[in-house]
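As structure tokens, the structure follows; a few thoughts come after it.
The values are calculated or read from the model by the stated rules, or taken from the named source; none is laboratory data. Since this is a predicted model, take the numbers as computed values, not measurements. Here the Cβ is made from the backbone with ideal geometry for all residues, glycine too, and neighbour counts use every protein chain on show.
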Amino acid sequence: MLLVLNAKNRMKDREYIENLIARFLNGNCTEAELQELKTWTKTSPENKKEYLSIKDIWDSANSPKENTEEQLSIFYKNQYEKIKKSRLLWIRYSSAVAAILLIALAISVLIPQKSTNQTESFQVFSVPLGSRSKVLLADGTAVSLNSGSELKYSSNFSADNRLVELTGEGFFEVKSDKEHPFLVKTKDFNVKVTGTQFNVCAYDENNFTSTTLAEGKIELQIDGSNQNFEITPGEKFELDRKTRKYTLGNADIESEIAWKDGEFIFRNIPFPDLLQRLERWYDVKLNYSDAGLQKFNFTGRFKNQETIWQVLDALKLTSPIDYRKTTFREFTIIYKPLKQN
Amino acid sequence: MKLLLLLYIFIFQITMNDFNNLFRKYHRRLLLYSLKYVESESDALDIVQNMFVAIWENEKYKQDEELVKAYLFSAVKNGCLNYLKHQKIVKKFENETSLQLMTMEAVHYQSGERSLIEQENMKQINDAIDSLSDIYKEVIFLSRFEGLKNHEIAEKLNIPVRTVETRIFRALSTLKEKMLQKSFFILLYLKGLGSIVK
């Protein structure tokens with residue numbers, strides 16, 4: 001009877017302490033109740049263990065708001081604020097950020113360029129009408145350019161890669177290098193040399209494209225054909241641009257290349273050629289209408305000190321022509337046959 | 001400036017993988033752990049944040065995960081105890097006894113005991129809750145997920161507070177059994193493996 005009562009009491013005690021724990025965890029415990037709980041946990045290690053394991057279950061069944069990502073952003077934000085405070089670190093990190101951006105920028109700029117890089121960039125050297133100029137290329141080659149000429153070469157031009165394109169007239173003094181030939185491209189033919197002095201005349205508006213060799217040896221290949229020519233000093237190769245016919249013969253080197261020293265020498269050249277040269281030389285326009293003029297050949301020598309007026313006056317004295325100024329830098333040449341009485 | 005901050009966060013979010021993984025894996029569990037001692041959720045969050053700052057600065061996150069994990073939990077616990085000490089000073093802790101209970105708990109875990117929060121992942125605990133019978137699941141749901149106090153649950157379910165308390169304790173006690181059983185099975189399984197190997 002007593003045992004049953006004891007057991008009942010224990011049951012009641014047990015229930016009481018269970019409820020007390022539940023009240024402590026999720027209710028309103030009075031200070032006195034807390035004391036009771038504390039005393040109970042202290043009475044035996046089992047009690048303490050039970051209390052702690054129940055509380056641990058309670059704690060692990062908790063469900064605070066799911067906010068890990070938000071907290072991670074807050075973490076970085078705090079780091080950022082901290083770094084902002086310490087200037088040095090700030091500079092270090094911002095330069096890191098800047099470096100990353102720069103790299104990204106460089107990549108985005110370089111990658112598309114790589115595909116178009118095949119069309120390499122060019123340097124163009126052009127000489128206005130009425131003046132002349134001299135260019136010294138990276139390989140040591142000197143090029144004198146006549147009035148209204150253009151020399152184009154790749155930005156990769158070097159002693160190993162000697163290729164230039166010419167429109168107009170140029171006199172080349174090529175630095176000798178047998179390993180790496182020097183190549184001059186014109187619209188009509190390519191000239192390949194290793195080390196020589198030669199003149200190339202390839203104006204767009206001319207009927208003929210020509211090259212004259214002063215020294216050494218050159219190889220010439222006409223565009224769009226397999227024809228190769230070897231030219232020896234003193235020879236001039238001339239290609240008729242319309243008929244694609246060529247002539248190769250001896251030339252008057254002196255008059256051909258005198259221009260590079262500021263001299264203007266012409267020997268027995270047809271009137272239209274003379275006008276064209278003068279036009280280019282002085283940057284003027286010379287018109288004529290009488291076909292009778294075309295049959296005259298001219299010979300002369302100017303030192304380029306003369307003005308266009310003096311040149312025309314000289315021509316007027318030595319040949320049956322007259323001239324009139326029409327507008328600014330434009331003249332008309334008139335044929336005045338000598339009256340034979 | 002806002003943009004720079006976002007860029008900064010973005011860069012770290014994609015570059016600091018070791019740290020980010022650690023943060024994502026343990027943040028919630030550390031928060032639960034600190035809520036053992038700290039009632040206020042925002043204070044608990046601060047404690048966890050500060051602990052991660054320390055991890056970031058001493059580059060502990062680069063070490064072996066098991067070591068880091070042990071370090072994380074003990075660091076959070078120490079953080080909480082410091083917080084409590086501070087509270088005791090500033091507030092003269094109204095509830096001396098509850099502080100004593102907490103200190104007892106902290107000493108317990110200091111002795112090498114490991115909390116379920118440290119041992120198990122949250123899924124296992126949630127699974128155990130799901131397998132409870134309905135009347136137990138109900139009180140756990142209302143108290144732990146809805147945040148209702150015992151007397152509120154009593155009102156809601158129209159039962160005496162005492163019954164709510166009883167059900168809560170029984171629910172927790174059943175959960176404890178389930179978790180123990182599970183680890184018991186794991187133990188058996190490992191022993192079985194051991195004998196097979198032999």
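Restricting region A:1-49 to residues that are modelled with pLDDT of 90 or more and away from chain B (no Cβ under 12 Å) leaves a set whose member that is nearest to B:PHE145 (Cα to Cα) is A:GLU46. Going by the conditions given, is B:GLU152 within 12 Å of chain A (Cβ to nearest Cβ), in contact (Cβ under 8 Å) with a residue 60 or more places away in the chain and outside any loop (DSSP other than H, G, I, E, B)? Considered against the rule, which asks whether it is within 12 Å of chain A (Cβ to nearest Cβ), in contact (Cβ under 8 Å) with a residue 60 or more places away in the chain and outside any loop (DSSP other than H, G, I, E, B), B:GLU152 comes out as no.
Restricting attention to region A:49-75, which residues are of a type in the set (S, T, N, Q) and more than 60 Å from the chain's Cα centre (by Cα)?
A:SER53, A:SER60, A:ASN62, A:SER63
Confirm whether B:TYR83 is more than 9 Å from chain A (Cβ to nearest Cβ), under 29 Å from B:MET179 (Cα atoms), hydroxyl-bearing (Ser, Thr, Tyr) and buried (at least 17 other Cβ atoms within 10 Å of the Cβ). So B:TYR83 does not fit the description; no. Checked across region B:113-122, the condition of being within 11 Å of chain A (Cβ to nearest Cβ) and touching a Lys or Arg at 6+ places or on another chain (Cβ under 6 Å) holds for at least one residue. Among the residues of this structure, A:THR243 counts as one that is loosely packed, with under 12 Cβ neighbours inside 10 Å and at pLDDT 85 or above. Yes or no: region B:8-22 includes at least one residue that is within 23 Å of A:TRP58 (Cα to Cα), facing chain A (nearest Cβ under 10 Å) and in contact with a Ser or Thr (Cβ under 7 Å, 6 or more places away or on another chain). For region B:8-22, residues within 23 Å of A:TRP58 (Cα to Cα), facing chain A (nearest Cβ under 10 Å) and in contact with a Ser or Thr (Cβ under 7 Å, 6 or more places away or on another chain): absent.
Can you name every residue in region A:156-172 that is of a type outside the set (S, T, N, Q) and out of contact with any Gly (no Cβ under 9 Å at 6 or more places or on another chain)?
Listed by number, the residues that qualify are A:PHE157, A:ASP160, A:ARG162, A:LEU163, A:GLU165, A:LEU166, A:GLY170, A:PHE171, A:PHE172.
On the stretch given as region B:39-62, residues that are surrounded by 16 or more Cβ atoms within 10 Å (Cβ to Cβ), within 11 Å of chain A (Cβ to nearest Cβ) and either over 22 Å from the mean Cα position of the chain (by Cα) or of a type in the set (Val, Ile, Thr) (or both) total 2.
Annotation note: of A:PHE266, A:PHE328, the sole residue that is of a type in the set (A, V, I, L, M, F, W, C) and in contact (Cβ under 8 Å) with a residue 24 or more places away in the chain is A:PHE266. Among the conditions (1) aliphatic (A, V, I, L, M); (2) over 14 Å from the mean Cα position of the chain (by Cα); (3) within 10 Å of chain A (Cβ to nearest Cβ), the only one that B:VAL68 does not satisfy is (3).
Among (1) free of Cβ contacts under 8 Å to residues at least 60 places away in the same chain; (2) among the basic types (Lys, Arg); (3) within 27 Å of A:SER149 (Cβ to Cβ); (4) surrounded by 13 or more Cβ atoms within 10 Å (Cβ to Cβ), where does A:LYS260 come up short? The single condition A:LYS260 does not satisfy is (1). Screening the candidates B:TYR61, B:TYR26, B:TYR37 for the property of being within 22 Å of B:ASN121 (Cβ to Cβ) and not in a helix (DSSP H, G or I) yields one hit, B:TYR37.
Residues considered: A:LEU72, A:LEU52. Of these, the only one that is surrounded by 15 or more Cβ atoms within 10 Å (Cβ to Cβ), over 21 Å from B:LYS36 (Cβ atoms) and at the interface with chain B (Cβ under 7 Å from one of its Cβ atoms) is A:LEU72.
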